[in-house]
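Engineer: Shown below is the structure under consideration.
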Amino acid sequence: MTDRVDVVVVGGGQAGLAAGYHLRRQNLDFTVLDASPAPGGSWQHMWDSLHLFSPAEHSSLPGRLMPAQTGETYPDAGHVVDYLADYEKRYDLPVQHGTRVDAVRHDGDQLLVEADTGLWRARAVISATGIWSRPFLPAVPGRSAFAGRQLHTVNYRSPADFTGQRVVVVGGGNSGAQIAADLALDGQVEVTWVTQREPRFLADDIDGRALFDVATARRRALEEGRSDTGGVASLGDIVAVPPVRAARDAGLLVAKPMFTRLATNGVRWADGGHTVVDAVIWCTGFRPALAHLAPLNLRTAPGHIPTDGTRALGDERVHLLGYGDWTGPASATLIGVGRPARDAARQIKALCAPK
Ligand code: FAD
């Protein structure tokens, strides 16, 4: 049996919920299909010490301010999960957890959504599947020969898993800096941090609030036809959140240039030196989870579907939300996803209007 709705939202993390909020405001009939058995999207899987890089009131989805977390200026991931679960309930969003979408296909003037629990026909689809399910590991020589532990950001939990061990953390972004700081501050782990280029720390007074302001200024400049201000990437890569600052100031966060290869028991450096290590943690980023859209042939480059705002250039019935700046400035953040979600819902409303 096939269910019919105006819109299927694929993914029920923050982006999918923000989409649901705005689709409801447009009086559209929709359902949200989410592979995760419980609310909270990827926030359910972050490492133990992770805190947001913005205070609660600057990390809110449309309509409902995130409450402050007692004793914390920057809330932890568990607080975000609670907020998203409450948001879903408060707005009575029709989220079907534990439902994975395998494919979206053309079906005349409709789209056919194939999930592991059933089929849906929809006039439009909003894809909001995030990046967490597609960790990226670079092709480094010797990676398969290394006999120690290798894990990605998605598998890291806490320093307790590495007590007494020698660990290399790879990656000059926020995850790499935060995980290296987490391990270094613990004092029980011998940690080496390696980055492809010299780490670029943002100024200490720049947190998510300032980044959002910069992204907003960029959007305005582009909308008004002024020159590109460069956005947040022009400021640096690493937000100096309190643990990163503490580790850096204590001299514990000094990056080495990337090793040239992995050996059976460690890493080899460009100068021929060798360090024995027990584990390598790859904080080397993600790719957007877009496999379910493959039958629509919308990709022009691996991992990228070109859009105008959130709308896929190749099919006006398909919108992409979250993922990265190419679907709207700051759209992959809690506070930034509301605006592109609103725009997507408005465009879909116009598409569904009787002609
Ligand atoms: P997700 O939270 O990943 O949700 C996607 C949902 O889609 C998941 O529930 C998943 O199960 C589901 N799904 C995936 N594939 C399918 C499928 N085929 N069918 C059905 N369901 C599917 N942002 C901030 O604003 N502040 C921060 O401090 C911040 N810190 C971050 C720290 C880290 C380490 C990372 C990685 C990101 C951070 N972000 C932060 C960015 C962003 O807010 C998060 O990545 C956020 O989880 C993105 O939300 P999302 O809804 O796009 O994706």
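Engineer: Find the residue count for the range 149-177, including only residues that are open to solvent by 30 Å² or more (accessible area, probe 1.4 Å) and either away from the ligand (no atom under 16 Å from the Cβ) or outside any loop (DSSP other than H, G, I, E, B) (or both).
Structural biologist: 11
Engineer: Within the range 121-148, which residues are away from the ligand (no atom under 12 Å from the Cβ) and part of a strand (DSSP E or B)?
Structural biologist: Of everything in the range 121-148, those that are away from the ligand (no atom under 12 Å from the Cβ) and part of a strand (DSSP E or B) turn out to be ARG121, ALA122, ARG123, ALA124.
Engineer: Hey, another quick one. Could you look through the range 43-63, keep only residues that are open to solvent by 20 Å² or more (accessible area, probe 1.4 Å) and closer than 14 Å to ALA85 by Cβ, and pick out the one that is farthest from the ligand (Cβ to nearest atom)?
Structural biologist: The residue in question is GLN44.
Engineer: Any residue in the range 247-267 that is open to solvent by 20 Å² or more (accessible area, probe 1.4 Å) and part of a helix (DSSP H, G or I)?
Structural biologist: So far as the range 247-267 goes, yes, one or more of its residues are open to solvent by 20 Å² or more (accessible area, probe 1.4 Å) and part of a helix (DSSP H, G or I).
Engineer: Please work out which one of (1) under 25 Å from ASP213 (Cα atoms); (2) open to solvent by 10 Å² or more (accessible area, probe 1.4 Å); (3) within 17 Å of the chain's Cα centre (by Cα) is the condition GLY16 fails and give its number.
Structural biologist: (2) is the only condition that GLY16 fails.
Engineer: Sticking with this structure for a sec: For THR327, state whether it is in contact with a Gly (Cβ under 7 Å, 6 or more places away or on another chain), touching a residue at least 12 places away in the same chain (Cβ under 8 Å) and under 26 Å from LEU52 (Cβ atoms).
Structural biologist: The answer is no for THR327.
Engineer: On to the next question. Taking the range 198-209 on its own, how many of its residues are of a type in the set (Gly, Ala, Ser) and open to solvent by 30 Å² or more (accessible area, probe 1.4 Å)?
Structural biologist: Summing the residues that are of a type in the set (Gly, Ala, Ser) and open to solvent by 30 Å² or more (accessible area, probe 1.4 Å) in the range 198-209 gives 1.
Engineer: Of all residues in the range 322-335, which are near the ligand (Cβ under 7 Å from one of its atoms) and more than 11 Å from the chain's Cα centre (by Cα)?
Structural biologist: Passing the criteria: only ILE335.
Engineer: Take the range 33-86 and flag every residue that is without any contact (Cβ under 8 Å) to a residue 24 or more places away in the chain and in a loop (DSSP other than H, G, I, E, B).
Structural biologist: LEU65, PRO67, ALA68, THR70, GLY71, THR73 - these are the residues of the range 33-86 that are without any contact (Cβ under 8 Å) to a residue 24 or more places away in the chain and in a loop (DSSP other than H, G, I, E, B).
Engineer: May I ask you to list pairs of residues, at least six apart or on different chains, whose Cβ atoms are under 9 Å apart, with the first in the range 274-285 being free of Cβ contacts under 8 Å to residues at least 24 places away in the same chain and the second being assigned to a strand (DSSP E or B) and crowded, with 24+ Cβ neighbours inside 10 Å?
Structural biologist: Correct list of pairs: HIS274/VAL267.
Engineer: Starting from the range 185-200, take each residue that is assigned to a loop (DSSP other than H, G, I, E, B) and list its partners that are open to solvent by 60 Å² or more (accessible area, probe 1.4 Å), counting only C-beta distances under 7 angstrom and pairs at least six apart or across chains.
Structural biologist: Final answer for the pair search is GLN188/THR163; GLN188/GLY164; VAL189/THR163.
Engineer: I want to confirm something. Restricting to the range 286-302 and keeping residues that are of a type in the set (A, V, I, L, M, F, W, C) and in contact (Cβ under 8 Å) with a residue 60 or more places away in the chain, which single residue is surrounded by the most Cβ atoms within 10 Å (Cβ to Cβ)?
Structural biologist: That would be LEU293.
Engineer: Do you know which residues across the range 256-283 are farther than 23 Å from GLY173 by Cα and of a type in the set (Asp, Glu)?
Structural biologist: ASP271 - this is the single residue of the range 256-283 that is farther than 23 Å from GLY173 by Cα and of a type in the set (Asp, Glu).
Engineer: May I ask you to say which residue of ARG218, ARG248 is among the charged types (D, E, K, R), over 18 Å from PRO159 (Cα atoms) and touching a residue at least 40 places away in the same chain (Cβ under 8 Å)?
Structural biologist: ARG218
The values are calculated or read from the model by the stated rules, or taken from the named source; none is laboratory data. Keep in mind the model is a prediction, meaning the values are calculated, not measured. Because the Cβ atoms are built from the backbone with ideal geometry, glycine has one as well, and the counts that use them run over all protein chains shown. For the accessible areas, the whole protein counts, side chains as well, though only heavy atoms, and no ligand, DNA or RNA atoms are used. Shrake-Rupley method; radii C 1.70, N 1.55, O 1.52, S 1.80 Å.
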